[in-house]
Amino acid sequence: IDLPEGSQLSDLAVTSDGSKVYATVLTFGYVAVIDTQNHMPVAVLPTGSFPSGIAVTPIMLM
């Protein structure tokens, strides 16, 4: 997985179809969305300081 140098991952979650991995990146305060087909980040979701814990659910939470 190609993430910025110094990235410290905390937690991972995988979608039910296995197509995406969500990884919390403590050092930079975001969640990286990674495509499992090509092992490349496809999105960066800002979270604030030191995100930890992540879950993926098929239910839309509001």
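The values are calculated or read from the model by the stated rules, or taken from the named source; none is laboratory data. It should be emphasised that the depicted structure is a prediction, and the values quoted were computed from it without experimental measurement. Note: ideal-geometry Cβ built from the backbone for every residue, glycine included; neighbour counts use all protein chains shown. Side chains are part of the model used for accessible areas, which takes the heavy atoms of the whole protein and leaves out ligands, DNA and RNA. Shrake-Rupley method; radii C 1.70, N 1.55, O 1.52, S 1.80 Å.
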Those residues that are open to solvent by less than 60 Å² (accessible area, probe 1.4 Å) and under 11 Å from Ile54 (Cβ atoms), I need them from region 1-21; list them, please. Ser10, Asp11, Ala13, Val21
Of residues in region 34-54 being small (Gly, Ala, Ser) and modelled with pLDDT under 90, the one most open to solvent (accessible area, probe 1.4 Å): Ser49
Quick one: is Thr57 open to solvent by less than 50 Å² (accessible area, probe 1.4 Å) and β-branched (Val, Ile, Thr)? no
Filtered residue count, region 8-60, keeping only those that are in a loop (DSSP other than H, G, I, E, B), touching a residue at least 24 places away in the same chain (Cβ under 8 Å) and hydroxyl-bearing (Ser, Thr, Tyr): 3
Residue check: is Val31 in contact with a Ser or Thr (Cβ under 8 Å, 6 or more places away or on another chain), among the hydrophobic types (A, V, I, L, M, F, W, C) and surrounded by fewer than 15 Cβ atoms within 10 Å (Cβ to Cβ)? no
